[in-house]
Amino acid sequence: MTLSGTDPGSATGGLTGGTASETVAETVAETSAPPRVNVPRMIGFGLIGVTGTLPNLAGLWLLTAAGLHYLAAEIVANQFGVLWNFLLIEVLLFRDRRGHRHWADRVTRFALLANADLLLRIPLIALLVTTLRLGALPATAAALLLTFALRYAATETLVYHRRRGERPSSCHG
């Protein structure tokens, strides 16, 4: 997602003190222009997400096969997909938008968003398993697809969005 009127050369600082919720709230408050979707980037995000389902679903399969309840297993397995997706997104998709925020800030924000996404997906997975009688793996795959657009918009805005008037800095990696 690209924001209308946003200078592509602008950037935001890294961790500046305060809590993670304060820095996320600041980013949201500074995003005043209406969003415009960058379709090629969104497609790339989706393709990376598809590859990220592999470690997620493999972890889910291993954990449920070991006897862990499917919802607890999904929370743990989600971390495999989060790490996979973050690394690929950093290297392939947003490499031009990394300098404005320290890598530790980006990975923290990304992990917080990915795990907050579980607040939507876990009830959806439980609903699909209990009402439609889907297995844990197909229900998880369906929930990932259904929440895709929200994940993309949140990642674009809260992890990689640059503030107006700030320049990228290559020192943050």
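The residues on offer are Leu119, Leu128, Leu146, Leu137, and the sole one that is modelled with pLDDT of 90 or more and within 30 Å of Gly67 (Cβ to Cβ) is Leu128. Of all positions in the stretch 94-107, at least one carries a residue that is open to solvent by 30 Å² or more (accessible area, probe 1.4 Å), under 24 Å from Val39 (Cα atoms), of a type in the set (A, V, I, L, M) and in contact with a helix residue (DSSP H, G or I) (Cβ under 9 Å, 6 or more places away or on another chain).
When you look at Leu132, is it without any contact (Cβ under 8 Å) to a residue 24 or more places away in the chain and surrounded by fewer than 20 Cβ atoms within 10 Å (Cβ to Cβ), yes or no? In short, yes. Scanning the stretch 153-162 for residues that are of a type in the set (A, V, I, L, M) and part of a helix (DSSP H, G or I), we see that the one that is surrounded by the most Cβ atoms within 10 Å (Cβ to Cβ) is Ala154.
Working only within the stretch 108-129, note down all residues that are in contact (Cβ under 8 Å) with a residue 24 or more places away in the chain, open to solvent by 60 Å² or more (accessible area, probe 1.4 Å) and not hydroxyl-bearing (Ser, Thr, Tyr). Correct list: Leu112, Leu120.
All conditions but one from (1) open to solvent by 40 Å² or more (accessible area, probe 1.4 Å); (2) touching a helix residue (DSSP H, G or I) at 6+ places or on another chain (Cβ under 6 Å); (3) not β-branched (Val, Ile, Thr) apply to Leu150; the one that does not is (2).
The values are calculated or read from the model by the stated rules, or taken from the named source; none is laboratory data. Quick caveat, the model's predicted, so the values are computed rather than measured. Here the Cβ is made from the backbone with ideal geometry for all residues, glycine too, and neighbour counts use every protein chain on show. With ligands, DNA and RNA removed, areas are computed over all heavy atoms of the protein, side chains included. Shrake-Rupley method; radii C 1.70, N 1.55, O 1.52, S 1.80 Å.
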